[in-house]
Amino acid sequence: PGPPRHFLIGSLLQFPNDHFYQRFCEWQKEYGKYIVSVELPGISMVIINSYDIAQELMIKRPNNTAGRKVGYMFFEVMGNQWNPAFIQPGHHHANQRKMLRRGLGPQRVGSMTILL
């Protein structure tokens, strides 16, 4: 459930330019108590209006909702597929986090303070 969608532009005409939270609260009353779906050109969004549901999705099941939308040009052509800021969650992401933590973690940085 969510605001009406139009061909090509989705719900762009109903999407707020500012004070998002006010519009999201209005949509919560109009379209559904906990979850509202919005489509913009090229983007589908789900708005969660419940702390408990947000906790469930973000803390207890983060891999189900994790991911970063990255354009083909930026990701593939420019060679950013190994950049830890843009890599998609999974095996490679976990390995990169481990390596970065070894090199930049609290124990490692603490031993470098003498050099600073």
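The values are calculated or read from the model by the stated rules, or taken from the named source; none is laboratory data. Computed from a prediction, not measured in an experiment: that's the story for all the values here. Neighbour counts are summed over all protein chains in view; Cβ atoms, including those assigned to glycine, are modelled from backbone coordinates with ideal geometry.
Yes or no, residue by residue, for (1) at pLDDT below 85; (2) assigned by TED's automatic domain parsing to the domain that holds Ile9:
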{"site": "Ile43", "(1), (2)": "yes, yes"}
{"site": "Asn49", "(1), (2)": "no, yes"}
{"site": "Ala54", "(1), (2)": "no, yes"}
{"site": "Tyr72", "(1), (2)": "yes, no"}
{"site": "Gln81", "(1), (2)": "yes, no"}
{"site": "His93", "(1), (2)": "yes, no"}
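Every residue in region 36-62 that is touching a helix residue (DSSP H, G or I) at 6+ places or on another chain (Cβ under 7 Å), more than 30 Å from Ala94 (Cα to Cα) and among the aliphatic types (A, V, I, L, M), please. Within region 36-62, Val36, Leu40 qualify.
Residues in region 50-81 that are more than 27 Å from Lys33 (Cα to Cα) and free of Cβ contacts under 8 Å to residues at least 12 places away in the same chain: Gly71, Tyr72, Met73, Phe75, Glu76, Val77, Met78, Gly79, Asn80, Gln81. Taking the conditions (1) among the acidic types (Asp, Glu); (2) free of Cβ contacts under 8 Å to residues at least 12 places away in the same chain; (3) surrounded by 11 or more Cβ atoms within 10 Å (Cβ to Cβ) in turn, Glu39 satisfies each one other than (2).
The single residue among Glu39, Glu26 that is assigned to a helix (DSSP H, G or I) and of a type in the set (Asp, Glu) turns out to be Glu26.
Condition test on Pro4, is it of a type outside the set (Gly, Ala, Ser) and either in a strand (DSSP E or B) or in contact with a helix residue (DSSP H, G or I) (Cβ under 6 Å, 6 or more places away or on another chain) (or both)? The answer is no for Pro4.
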